[in-house]
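The values are calculated or read from the model by the stated rules, or taken from the named source; none is laboratory data. Bear in mind that the values here come from a model prediction, so they are computed numbers and not experimental data. Backbone-built Cβ (ideal geometry, glycine too); neighbour counts: all protein chains shown.
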Amino acid sequence: MCNSCDTGLGFDPETLPEADMAEAARAAHAAGEAWHFHVLAPDCAFNPNKEKYTFLLELTAQKRNICTVFDERPTGVNKELLALLHGEAALSEKAPGADELSAEESELLDTISKVADLDKRWHHHMMFPACGLNTSDGKWRLFVELEGEETRHLDSDSEPSALLNRIERIYFGMA
Ligand SMILES: [Zn+2]
Ligand SMILES: [Zn+2]
């Protein structure tokens, strides 16, 4: 039991070092099991460690949750596991107009861009349908926390890959 990782959401996560957490994600991926992760920023509504970054790995097929606590934003493992989870193209630059965004998606992306341009804090969560943080009824939920703005979310029937790609590129300073 990890006292520092009591999210209050019914999780009972294990705390592991980064290398072991990442290896557990790679093993789940290699076995074709359902898994995903979240980076919980210091000001994230879901983060039990308010001064830190909490990397939360949900091994949904194994009914296991693992967390690793970081002092700094964990960019390396985030990018590595993002490519495993969403494909190598998750962060690649798309040709203009390659993927059409819905009006709602464009509006959310514009909001994020404006907040990012002002150097305000923001982050997002891609919540899979089986995600323990996801309170929708079986939808894919993109959940966005923006400094000085209302929390936003957008629910979809399928993975919103095009929107996620745009958001991740802003998040990693690639766009
Ligand atoms: Zn958050
Ligand atoms: Zn989740």
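Structure data summary
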read-out	value
Candidate set from segment 22-43 (those that are among the hydrophobic types (A, V, I, L, M, F, W, C), surrounded by fewer than 21 Cβ atoms within 10 Å (Cβ to Cβ) and within 16 Å of ligand 2 (Cβ to nearest atom)); member that is nearest to the chain's Cα centre (by Cα)	41
Restricting segment 25-48 to residues that are in contact with a helix residue (DSSP H, G or I) (Cβ under 7 Å, 6 or more places away or on another chain) and within 16 Å of ligand 1 (Cβ to nearest atom), the residue that is modelled with the lowest pLDDT	48
From 51, 72, residue being without any contact (Cβ under 8 Å) to a residue 24 or more places away in the chain, within 16 Å of ligand 1 (Cβ to nearest atom) and loosely packed, with under 13 Cβ neighbours inside 10 Å	51
Test set (1) under 13 Å from the mean Cα position of the chain (by Cα); (2) outside any loop (DSSP other than H, G, I, E, B) - residue 132 fails condition number	(2)
Inter-residue pairs, beta-carbon under 7 Å, first farther than 12 Å from residue 156 by Cβ and in segment 125-143, second within 13 Å of ligand 1 (Cβ to nearest atom) and aromatic (Phe, Trp, Tyr), 6+ apart	125/143; 133/46
Residue within segment 104-121 that is within 16 Å of ligand 2 (Cβ to nearest atom) and either more than 14 Å from the chain's Cα centre (by Cα) or not in a loop (DSSP other than H, G, I, E, B) (or both) present	no
Hey, residue 83 small (Gly, Ala, Ser), in a loop (DSSP other than H, G, I, E, B) and more than 16 Å from ligand 1 (Cβ to nearest atom) or not	no
Residues (under 30 Å from residue 24 (Cβ atoms) and β-branched (Val, Ile, Thr)) located in segment 69-111	69, 75, 77
Any hit, segment 86-103, residues being within 16 Å of ligand 1 (Cβ to nearest atom) and touching a strand residue (DSSP E or B) at 6+ places or on another chain (Cβ under 9 Å)	no
Qualifying positions in segment 62-80 - among the polar types (S, T, N, Q) and assigned to a helix (DSSP H, G or I)	62, 75, 78
Any chance residue 42 is more than 22 Å from residue 165 (Cβ to Cβ) and in contact with a Lys or Arg (Cβ under 9 Å, 6 or more places away or on another chain)	yes
Residue among 108, 91 that alone is in contact (Cβ under 8 Å) with a residue 40 or more places away in the chain, crowded, with 19+ Cβ neighbours inside 10 Å and of a type outside the set (Gly, Ala, Ser)	108
